[in-house]
């Protein structure tokens, strides 16, 4: 059923907060106003709750295979966790292998993504353009795929992309209306540091942060900003962990460079001191956690607009895939988290006084939708938009527990932390798909959402 009237809630958008009712019909929002009367729709009483646009998670990894490792979450389980956290639309990745056509990579990944319960799209991880693959961009654009991702490290896992390929991709992307995402770590610095640590026998989890130094990120951020300036290609720098990276993005944007910066909740609620504790295995991700000062600057960056988006970088490996190795050179990095983005950002951002409610809607809804060609269909509560809503009770307090999360990873790095508020309902295209206890829709309920070309003037 996609006809719904949400009444009595406080509507949170990127421009403000107001008490408003929202009428949804045939999957779209048809009316927003005060004291709307039912007209045959199901009525949802949101009195006392906050009503956000559906969360957009533009950066996560379900059914990821990296070397011998595969994440526990597939598209069915991962999207169930997403819906429970208020995420109504996500963008995963199609990994191009050497010699493969880009469209072939996308089509293969779409077969897996069909299991999604939430709406979705795909970025294309580009690794090889030696056979004229860039000529495929216009055809992919017509199909609604308008973003790529490149990695500046991970040679052995088959993700690495050299600078020449990145520059050529950006030049072609600028013409085709694509945005290029970049994982920013200087490969030579990371691999050289890790090799030295191996020689010295420093491979347990306590060395994780030091094995991937902050300078590796900062150097690559500078280089990718240069590439964005030279090519004019919209460029999206993922999971920034260092305060200096945020300052570089802000300075580049002031100069008109078409760059967008993203960070993640784990960099905002934990720091590198975790690696000296028994919780280290819960935070093995790349880049690693940084200093408490970096964390402070990242919060400042979100508040002041230096960074534009918060995403989960969900990558649902199990704890056993860490503890069975206990070696930073053998584990697959990545943590589950899409379900926790909204509770963490509300608790440690809004409730802690670091962010205002409209800023939360900007960071997690409108700006990711704008950056990736989903807006205004997604990321907004407006007449004509998809009726994607999150109804959030801001009052209850609870401790996060491993047993409460829906990710097949079976744990959350945030276990033991307190959060304020909870998702009481998630609405996807006018249908309540999560009721605060259960995910109510089967695998395959989600729709592939075509995206528009991305131009520099339209970036958030």
Quiz prompt | By average C-beta atoms within 10 angstrom, highest first, the peptides 301-309, 398-406 | solution = 301-309, 398-406
Practice problem: Calculate how steeply helix 214-231 sits against the longest principal axis of the alpha-carbon atoms of the chain, using the helix alpha-carbon long axis, and give the answer as 0 to 90 degrees to the nearest 10. | Solution: 70
Quiz prompt | Using a Förster distance of 35 Å, the FRET efficiency for residue 395-residue 247 (Cβ separation, nearest 0.05) | solution = 0.45
Quiz item: In whole Å, how far is the Cα centre of region 17-85 from that of region 110-185?
Solution: 27
Self-check item: Using alpha-carbon coordinates, inclination of helix 243-254 to the longest axis of the chain, degrees
Solution: 70
Quiz item: So for region 193-262, Kirkwood radius off the Cα pairs, Stokes-Einstein at 37 °C and 0.692 mPa s: how many µm² s⁻¹?
Solution: 246
Quiz prompt | Reported label for calculated P(r) over Cα pairs in 20 Å bins from 0, in percent given [x] 23, 54, 21, 1; [y] 27, 60, 13, 0; [z] 22, 52, 20, 6, 1 | solution = [y]
Self-check item: region 32-170 - Rg over Rh from alpha carbon coordinates, Kirkwood radius
Solution: 1.11
Practice problem: For region 213-278 and region 293-308, write down the distance between their C-alpha centroids in whole Å. | Solution: 11
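Quick one: which of 176-182, 273-279 comes out on top by average Cβ neighbours within 10 Å, and what's the full order, highest first?
Details: 176-182: 24.6, 273-279: 14.4.
Descending mean neighbour count gives 176-182, 273-279.
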Self-check item: When region 365-434 is reduced to its Cα atoms, the Kirkwood hydrodynamic radius in Å
Solution: 14.2
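Residue 47 to residue 200: FRET efficiency via 1/(1 + (r/R0)^6), r the Cβ-Cβ distance, R0 51 Å, to the nearest 0.05?
Details: r = 60 Å, r/R0 = 1.19.
Given R0 = 51 Å and the Cβ-Cβ separation, E is 0.25.
Among 377-386, 84-93, how do they line up by average Cβ neighbours within 10 Å per residue, starting with the highest?
Put in order of decreasing packing, that is 84-93, 377-386.
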Quiz item: In Å, what is the Rg of the alpha-carbon atoms in region 260-406, and how long is Dmax?
Solution: 16.5, 52
Practice problem: Work out how far the C-alpha atoms of region 319-460 reach from end to end along every principal axis, then list the three figures in whole Å, largest first. | Solution: 49, 38, 36
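Throughout, read-outs are computed from the coordinates displayed, never taken from laboratory work. Only a predicted model underlies this, so the values are computations on that prediction, with no experimental measurement involved. Note that we place each Cβ from the backbone using ideal geometry, even for glycine, and neighbour counts take in every protein chain shown.
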